[in-house]
Amino acid sequence: SILYFLVVLCLAFSAREKIGKSLLQASVTKQTVLLIVVFVFSFYLFQRSFSYDFYSSEFLISSNLYQDMGAHIPFIRSFSQGENYPAEVPFFAGKDLLYHFMFDLYAGILEFLGLNLVHAYNLVSALALTFLLVIIYEVSVSLFGNSIVGILSSLLFLFNNDFSFLDFLKKNGLNQTFLSRVWHNSEYSSLSFLNLPYSNFLNINVLLNQRHLVFGLFIFFTIIYILINPKTTKKELTVVVILIGLLPFWHIPIFIAVTIIFLLFLLFKFTKIKSKIIFFLLLLISCPQLILIKLNSVNITLFRPGFLVWDHLSIQSFGLFWFFMFGIAPALALIALRYANKKQRLFFLLFISLFIIPNIFQFGPDMFDNHKFFNIFTNIRILFLIPK
C-alpha cells in the first residue's frame, strides 16, 4: 500500500501542471471552490446510502446496499482490528477468497487511526468520486479541446441511460407526486415485463454498492489521460505502467480492461510508447499479484457469448437486451462520431473492445461480474454523446 501511494504521488506531481492549467481555465480559488462543491456532493451521496446512528449504535444502510455492506463492513474491520493477509473476506470465511482488497484496507487504516468506520468508508469513496469526475472532465477536454463537453461528460456520468424508467412510469404514472416518488424510490426498476434478464448495473447505485469500482474508474481514466496527452514524458509513461501493474490488488476487472486498452494503444500506435521493455515491466509487477490471487481464489475464464442472455442467445434476445440497456446513447454516439476527427474515432473504436470481449468471455465464477467492463465502456461512450 505504501508503494502504491508513492507511485500515485509521483504521477500526480509529474502531471500537476497539465491538470492545473486545463481545469475550467480558472483561477486557483475557483478550482478549489469547485472541488469542494463536488466533494461535498459526493460525500452527501455516499452518506445518504450508508450512515451511522450514534444514539442507537446502528448502521443505517439503504435497502439496495445491505448485502454489499454486509461484506464490506467486516472486511474493513478485519484490517482495522485484526490481521488479514492474504486478504480473506470474512463474509465468505474459510473460502480462500483473495478479493481486490486495497480500497477496504485504506478505509480500515482510517478507522484504525480513529475515524468512525462509516465516515472512513464514505470519505475515501467521496474522494474517489470527486477525482473521478475531475479526470473524466480532463480526458474529455484533452480529447476534444472543449470544456463544455468535459462538463457535460462529468454530469452525464451520474445519470442512468437505459430504459428502466419505463417500468417506473408503468408502476407510478405521471401525476403531481411523480417527483416525490422519484426522490423516495427505494426499488430497482426493471424490464421484467419484456422477459429480459435485466439488471441495473449501469446506474449510479452500482457505485454506491461497489465503492472500490469508483476508485478503479478513477485510476482507469487517469491512466488514459496520461497516455493520450501528447506532452507526456517517458518517465511519466513508466510510472503509468507501474500503476497498471499494481492494479490487481485494487480492482482486477479494471486491471484487465486497462491492460487490454494499453496493448491496443501500443498496437495501433495511439500513444508515444515504443519500447517493448515497458510491457515486460508491466508483467513483472503484475504477475506476482495475479499468481497470489489465483492460488487463493476461484477465478475462471470461459467462452460464453451473450453476457446475461448466454443461456438463450439469439440475435433478437441479444439486440433487445442491449437496446434497452443502452437506450438512445448509441444513436447519439453515432451522431457525435460524424463530427469527430480520425484520432477521436480511433479512440472510440479501440474502446469498443471493452464491449465486445465481455460479450464473448466470462471472467470469474459469475457471469454478472462482467458488468464492470460495460460500466467502463459506458463511461467512455459518454464522451461521445454530444456532437462536437
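The values are calculated or read from the model by the stated rules, or taken from the named source; none is laboratory data. Computed from a prediction, not measured in an experiment: that's the story for all the values here. Glycine gets a Cβ as well: all are built from the backbone with ideal geometry, and neighbour counts include every protein chain shown. With ligands, DNA and RNA removed, areas are computed over all heavy atoms of the protein, side chains included. Shrake-Rupley method; radii C 1.70, N 1.55, O 1.52, S 1.80 Å.
Points to keep in mind about this one:
- Check on S62, farther than 30 Å from W183 by Cβ, of a type in the set (G, A, S), open to solvent by 10 Å² or more (accessible area, probe 1.4 Å) and in contact (Cβ under 8 Å) with a residue 24 or more places away in the chain: no
- Failed condition for I356, given (1) buried (at least 19 other Cβ atoms within 10 Å of the Cβ); (2) over 28 Å from I148 (Cα atoms): (1)
- Of the set (1) under 30 Å from L295 (Cα atoms); (2) in contact with a Leu (Cβ under 6 Å, 6 or more places away or on another chain), all apply to R77 but (2).
- Any pair with Cβ under 9 angstrom, 6 or more apart, that starts in the stretch 306-323 at a residue that is more than 18 Å from D366 (Cβ to Cβ) and ends at one that is of a type in the set (A, V, I, L, M, F, W, C) and part of a helix (DSSP H, G or I): S317/V309; F318/F307; F318/V309; L320/L194; L320/V309; W322/F307; W322/F355
- Checking the stated criteria, A107 turns out to be in contact (Cβ under 8 Å) with a residue 24 or more places away in the chain and either surrounded by fewer than 19 Cβ atoms within 10 Å (Cβ to Cβ) or within 25 Å of N296 (Cβ to Cβ) (or both).
- The set of residues from the stretch 136-152 being hydrophobic (A, V, I, L, M, F, W, C) and either open to solvent by 10 Å² or more (accessible area, probe 1.4 Å) or over 22 Å from the mean Cα position of the chain (by Cα) (or both) comprises V141, L143, F144, I148, I151, L152.
- Checking F280, F323, F303 one by one, the residue that is over 30 Å from G245 (Cα atoms) and open to solvent by 70 Å² or more (accessible area, probe 1.4 Å) is F323 and no other.
Here is a yes/no grid of residues against (1) part of a helix (DSSP H, G or I); (2) open to solvent by 70 Å² or more (accessible area, probe 1.4 Å); (3) more than 24 Å from V206 (Cβ to Cβ):
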{"position": "V38", "(1), (2), (3)": "yes, no, no"}
{"position": "D68", "(1), (2), (3)": "yes, no, no"}
{"position": "E83", "(1), (2), (3)": "no, yes, yes"}
{"position": "F103", "(1), (2), (3)": "yes, no, no"}
{"position": "G114", "(1), (2), (3)": "no, no, yes"}
{"position": "V124", "(1), (2), (3)": "yes, no, no"}
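- Taking the conditions (1) more than 25 Å from H212 (Cβ to Cβ); (2) open to solvent by less than 40 Å² (accessible area, probe 1.4 Å) in turn, A257 satisfies each one other than (1).
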